[in-house]
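Coordinate-derived values only; no laboratory data. None of the values given here were measured: they were computed from a predicted structure. Here the Cβ is made from the backbone with ideal geometry for all residues, glycine too, and neighbour counts use every protein chain on show.
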């Protein structure tokens with residue numbers, strides 16, 4: 001069975017995010033190494049962690065109006081996990097084990113893609129993780145621009161055929 005090892009390539013240098021990712025790795029490894037009779041309880045703990053993990057990141061994204069594709073990926077992964085959980089409960093261990101084989105590749109890609117962009121954006125705009133909001137600016141201080149993908153859907157940057165021909 002595959003395993004995940006926490007290493008520097010999974011770090012986004014944002015303490016709250018890195019901590020929840022370390023917890024994901026620990027929960028994942030508990031499922032990956034679980035005996036058949038312990039698989040479902042370990043999988044339930046991974047699902048519970050994943051719900052809390054995604055809720056945390058989704059809350060950060062909502063607070064700064066980050067693009068929804070990241071949240072959509074969270075929703076899809078959780079839907080698959082919950083569907084497979086029902087199958088495992090009915091005795092279908094094949095799909096449960098298959099998901100566990102596939103999760104490391106997804107996790108590494110997600111952490112180094114979507115989560116890295118979110119971490120960069122939150123850090124560059126001065127997000128306060130304790131308050132769950134942007135830090136107030138001092139007089140004359142300006143906020144960083146953040147991640148380009150976070151501003152792709154603003155009205156000023158949306159290009160329509162009519163706007164292009166009017167220009």
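Available extension along the chain between residue 94 and residue 5 is 29.7 nm, counting 0.36 nm per residue and deducting the alpha carbon span. Modelled spin labels at residue 101 and residue 134, positioned 7 Å past Cα toward Cβ, are 4.7 nm from each other. Shape call for the range 1-59 from the C-alpha gyration tensor, a ≥ b ≥ c root eigenvalues: rounded (a/c under 1.5), prolate (a/b greater than b/c) or oblate? Oblate. Looking at the range 1-123, the pairs of alpha carbons with a distance over 17 Å make up 55% of the total.
I'd like the FRET efficiency for residue 38 and residue 63, computed as 1/(1 + (r/R0)^6) with the beta carbon distance as r and R0 of 35 Å, rounded to 0.05. The formula returns an efficiency of 0.40 here.
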